[in-house]
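Quick notes on the structure that follows.
The values are calculated or read from the model by the stated rules, or taken from the named source; none is laboratory data. Keep in mind that what you see is a predicted model, and the values were worked out from it rather than measured. Cβ placement follows ideal geometry from the backbone for every residue including glycine, while neighbour counts extend to all protein chains displayed. The area values use the complete protein model at the heavy-atom level, side chains included, leaving out ligands, DNA and RNA. Shrake-Rupley method; radii C 1.70, N 1.55, O 1.52, S 1.80 Å.
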Amino acid sequence: YTTLFRSALAVPALAAADPDRFNLAPAPEAARARALMLRMAALAGAGLDPAQVKPALAEPTLAGALLVSLGAPATPRAVPLMRRALVLCADHELNASAFAVRVAASAGADLYACVSAGLATLSGPRHGGVVDRVEALLDEIGRPEHAARVVHDRARRGEEIPGFGHPLYPAGDPRGALLLAAASDHAPRSPRLRTIQALVDAMREAGREPPSLDIGLAAIGTALGLPPRTAVAIFAVGRAAGWLAHAFEQRAAGFLLRPRARYVGP
């Protein structure tokens, strides 16, 4: 999860450089939120090539900044595809990371700390970490004709297939379907995209779960030519918009999120 860990280091560093970070007035906070998202995008690929940070910051759109940061050209075809992925990642009700952000916001934490809470939660292997696990599975499969065998072998061993099934979408995650279709339209001849589609087909033929957002993000990363294990940056930067909105909303609610526990032991 190297990309997420870099973001988790960058956001507190940005906080330390902002002497006004505890100014909760609406205008400076809105400007701070916009600047934070742009800087997260520009710094996403800093560990790959620090020289890309400055040109990424000069991009006119968030999608363009993230592309340039990760070493991909911000072309007229690539920017709308990246924008679509960011929008589909932006919010998803009270998922684990959004709830963590709301807890931090309810305690009065600044925006940087709220986003850091979201990043820490997103790094979990059952949340944003699934995207990296999908990429590792694709490396294991290698070629499209191996997909059915890998699915069968994992099922025989009782192992999970990451990136499939979502408790809220028993009929299929619409975000994953939209991103898969968009990726295929963008790069129809990509060998790795054919492997992803073969995996989706093998899961369907085995009567297994449909693809989730994580498969779609892996497909978008492939279609855009992003470096390995960086598609999760799309998730983090896109979801940051939702986290910031949740933080503002929780502050406006004005109460501390403090669940109670009921002892049921002997």
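Which pairs have Cβ atoms under 7 Å, sit 6 or more apart or on different chains, and link a residue in the stretch 121-137 that is free of Cβ contacts under 8 Å to residues at least 60 places away in the same chain and more than 15 Å from ILE161 (Cβ to Cβ) to one that is open to solvent by 10 Å² or more (accessible area, probe 1.4 Å) and not in a loop (DSSP other than H, G, I, E, B)?
THR121/ALA96; THR121/ALA100; HIS127/ALA96; HIS127/THR121
Can you name the residue in the stretch 147-169 that is in a loop (DSSP other than H, G, I, E, B) and over 21 Å from the mean Cα position of the chain (by Cα) and, of all such residues, is farthest from GLY128 (Cα to Cα)?
ARG157
Which residues, counting only those in the stretch 1-22, are of a type in the set (Ser, Thr, Tyr) and open to solvent by 60 Å² or more (accessible area, probe 1.4 Å)?
TYR1, THR2
When you scan the stretch 207-253, how many residues do you find that are out of contact with any His (no Cβ under 6 Å at 6 or more places or on another chain) and either at positive phi or not in a helix (DSSP H, G or I) (or both)?
Within the stretch 207-253, residues that are out of contact with any His (no Cβ under 6 Å at 6 or more places or on another chain) and either at positive phi or not in a helix (DSSP H, G or I) (or both) number 13.
Going by the structure shown, is LEU256 assigned to a loop (DSSP other than H, G, I, E, B), surrounded by 21 or more Cβ atoms within 10 Å (Cβ to Cβ) and not small (Gly, Ala, Ser)?
no
Could you identify the single residue in ALA107, ALA25 that is at pLDDT below 95, small (Gly, Ala, Ser), closer than 18 Å to PHE248 by Cβ and open to solvent by 10 Å² or more (accessible area, probe 1.4 Å)?
It is ALA25.
Provide a single number: the residues in the stretch 190-242 that are buried (at least 20 other Cβ atoms within 10 Å of the Cβ), small (Gly, Ala, Ser) and without any contact (Cβ under 8 Å) to a residue 40 or more places away in the chain.
Count: 0.
So, of the residues in the stretch 148-181 that are basic (Lys, Arg) and without any contact (Cβ under 8 Å) to a residue 24 or more places away in the chain, which turns out to be nearest to ASP214 (Cα to Cα)?
ARG154
Quick test for you: out of GLY165, GLY176, pick the one residue that is in contact with a strand residue (DSSP E or B) (Cβ under 8 Å, 6 or more places away or on another chain), closer than 26 Å to LEU81 by Cα, open to solvent by less than 60 Å² (accessible area, probe 1.4 Å) and not hydrophobic (A, V, I, L, M, F, W, C).
From the options GLY165, GLY176, the qualifying one is GLY176.
Taking the options ALA183, ALA147, ALA117, ALA98, name whichever one is open to solvent by 10 Å² or more (accessible area, probe 1.4 Å) and at pLDDT 95 or above.
ALA117
Anything in the stretch 172-192 that is part of a helix (DSSP H, G or I) and under 19 Å from the mean Cα position of the chain (by Cα)? List them, or say none.
Of everything in the stretch 172-192, those that are part of a helix (DSSP H, G or I) and under 19 Å from the mean Cα position of the chain (by Cα) turn out to be PRO174, ARG175, GLY176, ALA177, LEU178, LEU179, LEU180, ALA181, ALA182, ALA183.
How about the stretch 34-84: which of its residues are open to solvent by less than 20 Å² (accessible area, probe 1.4 Å), out of contact with any Ser or Thr (no Cβ under 9 Å at 6 or more places or on another chain) and outside any helix (DSSP H, G or I)?
Residue satisfying the conditions is ALA72 alone.
Please work out which one of (1) modelled with pLDDT of 95 or more; (2) open to solvent by less than 60 Å² (accessible area, probe 1.4 Å) is the condition GLY265 fails and give its number.
(1)
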